[in-house]
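Laboratory data are not the source of any read-out in this text; all were calculated from the coordinates shown. This structure is a prediction, so every number in the text was calculated from the model and none was measured. Glycine gets a Cβ as well: all are built from the backbone with ideal geometry, and neighbour counts include every protein chain shown.
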Amino acid sequence: MAKLMNVFSLRAAVLLMMGAVSLSACGGSTIGDFPGELAPTSIVNPTEGYLLEPGNRVRVIVFNENNLSGDFTVDPAGNIALPLIGNIPASGVTAKVLTKRIGDALKRDAYMQNPSVAVEVQTFRPYYVLGEVRQPGEFPYTNGMTVLSAIARAGGYDYRARQGEVVLVRPVPDGQKEYKATERTPLLPGDIVKVLERRF
């Protein structure tokens, strides 16, 4: 429950931040400085270490058991409802942990002696683009995204934007961390891209 509350708290904080940035953009105060630390440039698999949350969709594959396999959505209570075995807690854990939970449930309920299970994450938490873009907001994350593709989905830079570099806000275990990023910087689920106003 605490992890579920943390997920909702993070989304609430992001929505408040979006509102604050939108208001500041209207007032012409999106001029700011970049953080000193550069954003990581290595391309990582977004499923590595990704913690599932309500609304995420996963594909569960139980080999040789088509009636147990399929696509499932993490419900508001943080569970996925599987045929025969019922609710499995999924929020706040990785796909690897969820795989083990499903396998354990199948063995515990005596449906299978040695189940072979795989879980693939189908959807991730969204990312956000704020500041000097034409259509700021929340967008669905897809694999292989960069800062440039995120800005393109937000309608591109507006006429006041400082182009080429942005502030990237990334969720970390103890909150959020700000980086200076370029258009080629890879994005992760939950990232916030802030486009600053250029200095005239």
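A few notes on this one:
- Computed E for Glu120/Ile85 - FRET, C-beta separation, R0 25 angstrom, nearest 0.05: 0.85
- Listing Ile85, Ile43, Ile102 from fewest to most neighbouring C-beta atoms within 10 Å gives Ile43, Ile85, Ile102.
- Estimated distance in nm for a label pair at Glu65 and Glu138, the labels positioned 7 Å out from Cα along Cα-to-Cβ: 3.4 nm
- Prolate/oblate/rounded label for segment 57-121 (Cα gyration tensor, a/c 1.5): prolate
- Between Arg198 and Asn45, the contour length at 0.36 nm per residue exceeds the Cα-Cα span by 51.8 nm.
- Cross-link partners of Lys194 among lysines, defined as those whose alpha carbon lies under 30 angstrom from its own and excluding same-chain residues fewer than eight positions apart: Lys3, Lys177, Lys180.
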